[in-house]
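Have a look at the structure below, then the notes.
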Amino acid sequence: MSQAAAGSSPSLIPFFDGEDYEYWKIKMRTFLKAEGLWTLVEKGFNEPENEAGMSDAKIGKLNAARRSDASALSKIHISVGKSIYLKISSAQQMKHGTLRNKSFMVTKR
C-alpha cells in the first residue's frame, strides 16, 4: 500500500501484522521522521482546554498540530493489520503512545 506525502513522491508505509515488532518499529520511525511526524509520536501535543482568548496565530499553529497529529495516527492505522488496528483504534491522539506500546502491537499466540 502506498501513501503520497504532500509535495513528495509516493512512499511505502511499512506494514505490521503482529510479527517482528522491533523491525517494523525501526522502519516506521524512519518513515515518520521523513514525513516530519516523529516528534508527535514521541511527545504528542497538549490540547488546550479552551481556545477562547487565543490569537489567530496560535489557533493556526494549534490547527496545524492537530492535522499533523491526525496524519501520524492515520499513517500508523494504515500500517497495521485488522487485529492490531482493533487494539489501537481507540487512541485519539499520538500522546496515547500508540507506537510505543508494544503490548498493543504484538499478536498473542
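Laboratory data are not the source of any read-out in this text; all were calculated from the coordinates shown. Everything numeric in this text was worked out from a predicted model, so none of it was measured.
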>> Suppose the chain between ALA57 and THR39 were pulled fully straight at 0.36 nm per residue; how much longer would it get relative to their current alpha carbon spacing?
In response: 4.4 nm
>> Under the rule of at least 5 residues apart or a separate chain, name every residue whose amide H is placed under 5 Å from the amide H of VAL80.
In response: PHE16
